[in-house]
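For reference, the structure discussed in these notes is given below.
The values are calculated or read from the model by the stated rules, or taken from the named source; none is laboratory data. If you're wondering where the values come from, they're calculated on a predicted model, not measured in any experiment. Ideal geometry is used to build each Cβ from the backbone, glycine not excepted, and the neighbour counts take in all protein chains shown. SASA here: full protein model, heavy atoms, side chains in, ligands and nucleic acids out. Shrake-Rupley method; radii C 1.70, N 1.55, O 1.52, S 1.80 Å.
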Amino acid sequence: MKMTFNLNENERIDDLLAGGLKIIQNNTEFCFSIDAVLLAHFATVRKNYCGLDLGTGTGVIPLLLSPHIKHVDALEINPVTAEIAERNVQLNKLEDKICIKQGDLCQIEQYYKPKSMDFVVSNPPYRQINQGHINLLDGVARARHEITAKLDDVVRAASYVLKYHGRFAMVHLPERLGEIMVAFHKYKIEAKRLRLVQPKRDKSPNIVLIEGVKEGMPGGLTVEPTLIVHEDNGDYTRELLKYYYPDRL
């Protein structure tokens, strides 16, 4: 795919290794990790679905979801990464499928109507602000720590825009699963699917994928087989290779 615009300082283009998709990233900002890739493959979506990515960063999840949905909006508070996300949409010629908005998910009512989305996804900041010094102006810190939005804010925003029986999928830390369940219950999202992710077979889970249904019937949580990221020799497992090289396996 040929670029029609120049990169800014500290920017690079990475290959998403899926359908020819490319992504611009800034070396001084938060760059997407495997967590976003796992979430994009975990979320339940359909060809006729319209959805929202809360805290999209540079837009990697909408890019990965684009072949499988009708349309996805993406909300990002950081103006630098929101602008990069917009250019990523243009780079991949997906203006008809992805709309980027720069804004605060804590003010979700300013941007979207209630009960307007079939699905919501989010790879939110994982860490609470409870110790140590954090630079509040640093884009990486804001992506990793709950500086601009807490877990409760993310779940509330998702619940606000979801239609009846719409689905919310999120990636987070296993150690915060109790809090996640409490927030889901508070905002009437019933947890239906859960999958733990281990870096290797002999390591404890370090990621949790969870999906709930807005106003779903209580009960019926399916705990899926644990996803292993790496073989003992450090190579990706076959399941992960399918994510990155879907046309080769």
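Checked against the criterion of being touching a strand residue (DSSP E or B) at 6+ places or on another chain (Cβ under 9 Å), crowded, with 20+ Cβ neighbours inside 10 Å, more than 28 Å from LEU196 (Cα to Cα) and at pLDDT 75 or above, segment 45-53 has no qualifying residue. Could you say whether any residue in segment 61-68 is part of a helix (DSSP H, G or I) and surrounded by fewer than 20 Cβ atoms within 10 Å (Cβ to Cβ)? Yes: segment 61-68 contains one or more residues that are part of a helix (DSSP H, G or I) and surrounded by fewer than 20 Cβ atoms within 10 Å (Cβ to Cβ). Among residues of segment 63-85 being within 15 Å of GLY103 (Cβ to Cβ) and charged (D, E, K, R), the one that is farthest from the chain's Cα centre (by Cα) is GLU83.
Listed here are the residues, each with its yes/no results for (1) outside any helix (DSSP H, G or I); (2) more than 26 Å from ARG12 (Cα to Cα).
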position	(1), (2)
LEU38	no, no
VAL45	yes, yes
ASP53	yes, no
THR58	yes, no
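Hey, does segment 229-248 have a residue that's exposed (fewer than 15 other Cβ atoms within 10 Å of the Cβ), at positive phi and in a loop (DSSP other than H, G, I, E, B)? Yes, segment 229-248 contains a residue that is exposed (fewer than 15 other Cβ atoms within 10 Å of the Cβ), at positive phi and in a loop (DSSP other than H, G, I, E, B).
Of the residues making up segment 195-228, those that are over 17 Å from ASP35 (Cβ atoms), assigned to a loop (DSSP other than H, G, I, E, B) and out of contact with any Leu (no Cβ under 8 Å at 6 or more places or on another chain) number 9. Among the residues of segment 157-180, just one is within 18 Å of the chain's Cα centre (by Cα) and open to solvent by 60 Å² or more (accessible area, probe 1.4 Å), namely ARG167. Residue check: ASP96 meets all listed conditions (1) open to solvent by 40 Å² or more (accessible area, probe 1.4 Å); (2) in contact with a Phe, Trp or Tyr (Cβ under 9 Å, 6 or more places away or on another chain); (3) more than 12 Å from GLY59 (Cα to Cα) but one, namely (2).
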